[in-house]
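Only one structure is covered here, and it is reproduced in the block below.
The values are calculated or read from the model by the stated rules, or taken from the named source; none is laboratory data. What you see is a predicted model; the values in this text were computed from it and never measured. With ideal geometry, Cβ positions are generated from the backbone for all residues, glycine too; neighbour counts draw on all protein chains shown. We work out accessible area using only protein heavy atoms, side chains counted, and drop any ligands, DNA or RNA first. Shrake-Rupley method; radii C 1.70, N 1.55, O 1.52, S 1.80 Å.
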Amino acid sequence: MIHSKLPKIWYGGDYNPDQWPKEVWDEDMRLFNVAGIDVATVGVFSWPALQPDEITYTFEWLDEVLDKMAANGVYACLATATAAVPAWMAKRYPDVLRVDFEGRKRKYGGRHNFCPNSPTFRLYAARLAGKLAERYKDHPALLLWHINNEYGGHCYCEYCEKAFRVWLKSRYGTLPALNKAWNTSFWGHTFYDWDEIVLPNLLSEHINNEKTTFQGITLDYYRFQSDSLLECYKAEYREIKAATPNIQITTNLMGTFKPLDYFKWAEHMDIVSWDNYPRFNTPMSLVALRHDLMRGLKHGAPFMLMEQTPSQQNWQAYNSLKRPGVMRLWSYQAVARGADTVMFFQLRRSIGACEKYHGAVIEHVGHEHTRVFRECAELGRELNQLGDSLLDARTEAKVAIVFDWDNWWAIEMSSGPSIDLKYVDEVHKYYEALYSQNIAVDLIGVDTPLDGYEIVLAPVLYMVKPGYADRLKAFVERGGTFLTTFFSGIVNETDLVSLGGYPGELRPLLGIWAEEIDALFPHMSNQIVMNQPLEGMKETYNCGLLCDLIHSEGAEVLAVYGSDFYQGMPALTRNRYGQGEAWYVASSPDADFLNDFVWQICAARGIEPVLSTPAGVEVTRRAKDGIPYLFVMNHNDTAVQIELETTSYLNVLNDKHYTGTMALAAKDVWILFQVQ
Ligand code: GLA
Ligand code: ZN
């Protein structure tokens, strides 16, 4: 539990006092208090302000800021300031600068611009983190550590290349093992010396950013880069932990962010935090998926909403405003899905450079009489009122969806069968079917224990890591329902095909053999024709993208393809295995199929919606000390009627009683607690 110092939903966000004259700081404190803001993330991009040259450190301004915050009841989420390197460092030590995918050495500029294997960066970043930790370890304002910021990206410099070889040596031990893992006899790539291995980018194996001629090499490079950045994080973590063993440490993640294997990262984080910036057309279900994924990283532990905009972003093509009520609604959506904090980027809007048109609690006008400020202050008041009632509450799900970064990378770098195959899209399709029916789901990694789940869905489980097929078999044997799809069970962890027929190691579990895989053009579709429609299902649905041509090897065929030369071949199968069953969906179905089908398999196991509601209303349940709270959120632009039947609830947001049929206003939220 991270909340002992401030036992409520933390409320605040990124604050950059070093971009402002001191006279403004007092006004900031006044406004924070008016808005109910009690946490400010300080120092994220303050490296040059804290270290103007190689030997000088200037902490005095930060002393003053933190003292002021402490005096005003505002806690610090203290950043280590290493997310953008100082210009002096880049000038003196060019090794800190990255080389891009096209092999070009970057000049100083931008941010998140450091090479993760730069000796200079590693040294100075850890040193700064250590100095901050020593200086502020007993500061009353210190609440939490925020290492760096949104780690990400890849570097292709010589330091990285050398470090890659070292990483490979420790992974494979010998060159023959590596040659085998990468299948280097293909195109005569056999390596006889570690120095012959070069990093995979546009100058070597790549056709473009995504596609590579050697998936094994690129896959390892992705892993290595994720690990390299993680090493940077860990170096700072160690410094801080030594000085402040009892203060929690995080770094802000970004949801479905491809370059970093967050399951691996989360093992080294005291608490997961993430930045939620949906695009104007991001479906709410995808935002929900990301929250659930962030909750899943530490097996259900609450996470932090570290950043969201109070109103608008600056980096999209069209930066529309969050409509009245939407900031509040989306804040509660985060809480509903496991967040114990609500935080913004940014508290005060900067005057220059690219984020001056990014929303802030305090706008350029400088006072509190704005729509955005009023909405923020209203939410601040509500969160204060909630106190600690929801902290550390847990979500209980009987359904899990497997999400794996290695699998994601491997699928999308593979040459064929279709450039339209996008892992997150396929996962999201299944997720959406559950989401739209208010069925609780956990996003889990391949190392997450499966006990406790009744249904495990693993869309496009292309890569099956060692031991995973056995764990899935054991899960089904004990009575679980497992589902996977087309293009699954194909390769091992180095992207080498498992011989003997697809879906490889999953073949006995699924009771099928996939002989061929057809890729459909975007305008093409096939049909899933149900043999005997399951109750509540139509006779025919559409499917597309990829169609596996499968044969049953014991599995029951519930549906077949409706057209093309494989008309009549199985499109949906179920294999009874031990006490449970394993489903195979041989193509990518339309949303209708998924809604109906997912409903079926949940109903068969008695898994029901948290609450049945009209479309566009999201409902979750978080329970604390055995007491469940229902979050009912209306994403629609109009009011809806919610059927609560005879149960009587109290809405903790307004202390009113609810029962029977009640109107939920557009964009409104209830947090209901059952009273009888
Ligand atoms: C990210 C960063 C912030 C800010 C916001 C703007 O999340 O962490 O520093 O740039 O984006 O949306
Ligand atoms: Zn590098």
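Tabulated data
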item	result
Any hit, the stretch 504-515, residues being part of a strand (DSSP E or B) and either open to solvent by less than 50 Å² (accessible area, probe 1.4 Å) or within 12 Å of Leu572 (Cβ to Cβ) (or both)	yes
Which listed residue, of Ala586, Ala582, Ala571, is within 27 Å of Tyr431 (Cβ to Cβ), crowded, with 17+ Cβ neighbours inside 10 Å and in contact with a Pro (Cβ under 8 Å, 6 or more places away or on another chain)	Ala586
Matching residues, the stretch 646-656, being modelled with pLDDT of 95 or more and surrounded by 11 or more Cβ atoms within 10 Å (Cβ to Cβ)	Ser648, Tyr649, Leu650, Asn651, Val652, Leu653, Asn654, Lys656
Test: residue in the stretch 419-435 that is assigned by TED's automatic domain parsing to the domain that holds Gly511, crowded, with 20+ Cβ neighbours inside 10 Å, on the phi < 0 side of the Ramachandran plot and in a strand (DSSP E or B)	no
Per-region count, the stretch 110-122, residues open to solvent by 30 Å² or more (accessible area, probe 1.4 Å) and either more than 14 Å from Cys160 (Cα to Cα) or more than 27 Å from the chain's Cα centre (by Cα) (or both)	4
Sole exception among (1) more than 16 Å from ligand 1 (Cβ to nearest atom); (2) among the charged types (D, E, K, R); (3) more than 30 Å from Gly73 (Cα to Cα); (4) in contact with a Phe, Trp or Tyr (Cβ under 9 Å, 6 or more places away or on another chain) for Arg135, by number	(3)
So Tyr332, is it open to solvent by 20 Å² or more (accessible area, probe 1.4 Å) and among the aromatic types (Phe, Trp, Tyr)	no
Test set (1) in contact (Cβ under 8 Å) with a residue 40 or more places away in the chain; (2) surrounded by fewer than 21 Cβ atoms within 10 Å (Cβ to Cβ); (3) farther than 21 Å from Val557 by Cα - Glu618 fails condition number	(2)
Within the stretch 74-118, tally of residues that are within 16 Å of ligand 1 (Cβ to nearest atom) and outside any loop (DSSP other than H, G, I, E, B)	4
Residue among Arg348, Arg381, Arg374 that alone is charged (D, E, K, R) and either touching a strand residue (DSSP E or B) at 6+ places or on another chain (Cβ under 6 Å) or within 16 Å of ligand 1 (Cβ to nearest atom) (or both)	Arg348
Any chance Tyr159 is open to solvent by less than 70 Å² (accessible area, probe 1.4 Å), more than 16 Å from ligand 1 (Cβ to nearest atom) and either in contact with a Pro (Cβ under 6 Å, 6 or more places away or on another chain) or more than 19 Å from Thr250 (Cα to Cα) (or both)	no
Selection count where residues are basic (Lys, Arg) and closer than 29 Å to Gly359 by Cβ, scope the stretch 373-404	2
Residue within the stretch 324-334 that is farther than 30 Å from Asp442 by Cα and in the same structural domain as Gly43 (by TED's automatic domain parsing) present	yes
Failed item, numbered, when Met269 is tested on (1) surrounded by 19 or more Cβ atoms within 10 Å (Cβ to Cβ); (2) outside any helix (DSSP H, G or I); (3) within 15 Å of ligand 1 (Cβ to nearest atom)	(3)
When residues of the stretch 175-192 are limited to those that are open to solvent by 70 Å² or more (accessible area, probe 1.4 Å) and not in a helix (DSSP H, G or I), the one nearest to Asp220 (Cα to Cα)	Asn183
Only one of Phe565, Phe593, Phe597 that is over 29 Å from Val326 (Cβ atoms) and surrounded by fewer than 21 Cβ atoms within 10 Å (Cβ to Cβ)	Phe565
Condition check for Ala474: crowded, with 21+ Cβ neighbours inside 10 Å and not basic (Lys, Arg)	no
Members of the stretch 336-363 found to be open to solvent by less than 10 Å² (accessible area, probe 1.4 Å) and of a type in the set (Phe, Trp, Tyr), listed by number	Phe344
The stretch 297-338 - residue that is touching a residue at least 60 places away in the same chain (Cβ under 8 Å) and assigned to a helix (DSSP H, G or I) and, of those, nearest to ligand 2 (Cβ to nearest atom)	Leu297
Total residues in the stretch 143-152, condition surrounded by fewer than 22 Cβ atoms within 10 Å (Cβ to Cβ) and in contact with a helix residue (DSSP H, G or I) (Cβ under 8 Å, 6 or more places away or on another chain)	1
Residue in the stretch 229-246 that is open to solvent by 10 Å² or more (accessible area, probe 1.4 Å), assigned by TED's automatic domain parsing to the domain that holds Asn117 and within 25 Å of Tyr435 (Cβ to Cβ) present	no
Among the candidates Leu132, Leu168, residue that is assigned to a helix (DSSP H, G or I), of a type outside the set (D, E, K, R), outside the structural domain of Met269 (by TED's automatic domain parsing) and surrounded by 14 or more Cβ atoms within 10 Å (Cβ to Cβ)	Leu168
Residue within the stretch 576-584 that is of a type in the set (Lys, Arg) and not assigned by TED's automatic domain parsing to the domain that holds Leu421 present	no
